[in-house]
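Notes follow the structure.
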Amino acid sequence: MARRGSTFKSCGCRDEAGRKLGRKCPKLYRAVGRWSSTHGKWNYQLEMPPNADGTRRGPLRRGGYLRVEDAEQEMEQARELLNIAGEDSCLATKIADLIIATVAATRQLPLPEEVRRKVRTGQNLAEVITVGEYLSQWLRGRKGLRESTRRAYASHIKLYLIPYLGHLRLDRLRVADVDRMFEEIDEFNDLILRARETGDPELRRLVKGRRVVGAASKQRIRATLRSALTRAVKERRVEVNVAALVDLPSGKAPKALIWTPERITQWRKDLATYTAAINARRERLRGHDPGRGQGNKINRIDAYIGAPRPSKVMVWTPALTKRFLERAERHCWYALYYLIAFRGLRRGEACGLRWSDVDLDEGTVTIRWQIIQIGPDTFEGKPKTDAGEATISLDASTVTVLRAHRARQNTERLAAGDAWNDYDLVFTDRLGNPVRPNHVTDQFERLSMETGLPPIRLHDLRHGAASFLLAAGHDMKTVQETLRLSSLAIAADIYTSLLPQLARKSAEDAAAIILNADTTSV
């Protein structure tokens, strides 16, 4: 249905009684009856559909345009909106309601393409949802998520997605908006680094508790947004998943490297340089804020962990691993570290292992649970992936270590008496309670330092288990199955960098057999 409309001029002039003249001002017209080009502004009015109760609705009136073309263009936009309804009078009324409400709130007309999309997808025309509102709804609606995944999503939403994008309308989110978010994250990274370097108290206050967001973390933040927008596309709230179109650095996991003697020598030099630099920076910080309680010297363990290393993922040689285990043998978690080093369990899987899933006679353990720690909170859940839930074989030495561990635990159980809490866990404190994963990591780092070894992460003991399999001549498929990785591609991607180093070692071993051969018996 064609809606009648017209354009006209009006002004703010008043008569002697103070009444507005509007369209009746004589200055609006030239002598020949045409509109004046210098006085007044252009307006339009457009006939509107009736109200929902059938009563007559007044026309849409808009004004203040300098040119008649501008008034006509907006009037045509209003006509286009009303024509979306076609012959549907009920829809025409809803669109008219939307026009009136939007003009009252924003002084602008709704965009026809947005109204068409909502009509096409059956959405409420009056609903306008922001990115922040939708992300909160989306997370609440995600049932069956692992607790660690839920917390990661919640952290991304709270720290990054809502602060940078939350105020934007979901249906108007653009690739440029997401690009801008990552640019602002980079700027905040710079602020964190400046605060660390300068020790400025005000900068330190602004970035307190925040860490630099690296390439891998950016990928995870983008993945959270992409997952939410995938749902929004299915719900037809948006037409394009803009997060999927954003270009970011790959964030690929660093390649694993072996601690060779040359790398260890360089690391020791870097440790001394790093320690001196941190101590000098602490002196500067005390100069900015003499009342700070922090000491002048960096703690040994902090320097040990923080000093630069060739790769984030470093692997001990068998000899270095043996040295660590010999030192750890005196500790109550010796069997836990032994199990990770020999069979590649994840930290949470070792902490969550139950005796009911261990068969020492058959030499097997079944991985069914893990204890995860996020911040101060711990919780029990299933393994990281479906492939992670599996039964693995134990070597004879690991069985022996676990038998000794069980005997010691039984002694502790008898000593505790009624105070013992029986959770059926393999690794516990002296009262049978679960061990906290972060405490296991802290103790691992301290034992490593005290042994004089170059640093690795506790998770890198798992990588070491893979490297020993490769060194023993097993293929990637065996590594995948032993470490329970979800695909062979993941195993190859993580451990391919170890192959040249292991191949060189095998070549040296083969040469040594010849060079050290006894020729006297020939």
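The values are calculated or read from the model by the stated rules, or taken from the named source; none is laboratory data. Worth saying up front: this structure is predicted, and the values here are computed from it rather than measured. Note that each Cβ is placed from the backbone with ideal geometry, even for glycine, and that neighbours are counted across all protein chains shown. Side chains included, ligands, DNA and RNA excluded: accessible areas come from the protein's heavy atoms. Shrake-Rupley method; radii C 1.70, N 1.55, O 1.52, S 1.80 Å.
Value of Rg to Rh for the range 340-483, rounded to two decimals, is 0.96; Kirkwood radius and Rg both from alpha-carbon coordinates. Does the range 237-282 classify as rounded, prolate or oblate by the C-alpha gyration tensor (a ≥ b ≥ c root eigenvalues; a/c under 1.5 gives rounded; else a/b over b/c gives prolate, otherwise oblate)? It is oblate, given that a/c is not under 1.5 and a/b is not larger than b/c.
Sort 40-46, 169-175 by packing, meaning the average of other beta carbons within 10 Å per residue, with the highest value first.
Numbers: 40-46: 19.9, 169-175: 16.3.
Listed from highest to lowest mean packing, they are 40-46, 169-175.
Run the numbers for E362 and R220: contour at 0.36 nm per residue of separation, minus the present Cα-Cα distance, in nm. It would help to have the intermediate numbers written out before the result.
Working: separation 142, 0.36 × 142 = 51.12 nm, distance 4.08 nm.
Taking 0.36 nm per residue and subtracting the Cα distance, the gain is 47.0 nm.
Phi-derived couplings, Karplus 6.51 cos²θ - 1.76 cosθ + 1.60 at θ = phi - 60°, listed residue by residue for the range 207-214: 10, 4, x, 10, 10, 4, 8, x Hz, with x used for Gly and Pro. Projected onto the charge dipole of the range 27-118 (+1 at Lys/Arg Cβ, -1 at Asp/Glu Cβ, origin at the Cα centre), which of G63, P112, L91 gives the Cα projection farthest towards the positive end? The listed residue farthest towards the positive side: G63. Assign one of three labels to the range 185-278, namely rounded, prolate or oblate, based on the Cα gyration tensor with a ≥ b ≥ c the square roots of its eigenvalues; rounded applies when a/c is under 1.5, prolate when it is not and a/b is larger than b/c, and oblate otherwise. In terms of gyration-tensor shape, oblate. In the context of the full set of protein chains, residues of the chain present 55 Å² of accessible surface per residue (probe radius 1.4 Å, heavy atoms only).
Estimated from the Cβ-Cβ distance and a Förster radius of 45 angstrom, the FRET efficiency linking R180 and E283 is about 0.70.
Membrane-span-like helices in the chain, defined here as complete DSSP H runs extending at least 27 Å along the helix axis by their C-alpha atoms with mean Kyte-Doolittle hydropathy no lower than -0.5, are 175-198, 215-234, 396-416; this is a sequence and geometry rule, not a statement about a membrane. Maximal additional length on extending the T400-R446 stretch stands at 14.0 nm, based on 0.36 nm per residue less the C-alpha distance. Against the criterion of solvent-accessible heavy-atom surface with a 1.4 angstrom probe, R484, R236 sort, most first, into R236, R484. For the range 37-193, what class follows from the C-alpha gyration tensor (a ≥ b ≥ c being the square roots of its eigenvalues): rounded when a/c is under 1.5, otherwise prolate if a/b is larger than b/c, else oblate? It comes out oblate by the Cα gyration axes. Shown is the FRET efficiency for Q77 and K208, computed with R0 = 45 Å from the Cβ-Cβ distance and rounded to the nearest 0.05: 0.40.
Full extension of the chain between R4 and S155 yields a length gain of 49.0 nm, computed as 0.36 nm times the residue separation minus the alpha carbon distance. Here S89 and K24 are evaluated by their C-beta separation; at R0 = 35 Å the FRET efficiency comes out at 0.45.
Each Lys and Arg Cβ is given +1 and each Asp and Glu Cβ -1; about its Cα centre, the range 78-211 then shows a dipole of about 700 debye. Under Stokes-Einstein, with the Kirkwood radius over Cα pairs as Rh, the value for the chain at 10 °C and 1.306 mPa s is 53 µm²/s. Here the range 458-474 is scanned for amide nitrogen atoms under 19 Å from the site 7 Å beyond the Cα of E481 along Cα-to-Cβ, giving 465-474.
Think of it as helices only: each DSSP H run of n ≥ 4 in the chain is worth -39500 (n - 2.57), and spread over all residues that comes to -16000 deg cm²/dmol at 222 nm.
A Stokes-Einstein calculation at 20 °C with viscosity 1.002 mPa s, built on the Kirkwood radius of the range 148-198 over Cα pairs, returns a diffusion coefficient of 174 µm²/s.
Magnitude of the charge dipole for the chain, about its Cα centre and with charges confined to Cβ atoms of Lys, Arg (+1) and Asp, Glu (-1), is about 2360 debye.
With the simple model of a label 7 Å out from the Cα in the direction of the Cβ, N299 to D15 spans 8.6 nm. When each of the peptides 310-317, 205-212, 469-476, 261-268 is scored by how many other beta carbons lie within 10 Å of its residues on average, the order from highest to lowest is 310-317, 469-476, 261-268, 205-212. Between amide H atoms placed 1.01 Å from N, distances below 5 Å from G22 occur with C11, C13, all of them 5 or more places distant or on a separate chain. May I ask which residue of V207, G141, A195 lies farthest towards the positive end of the charge dipole of the range 132-270, with charges of +1 (Lys, Arg) and -1 (Asp, Glu) on Cβ and the Cα centre as origin? Going by the Cα projections, it comes out as G141.
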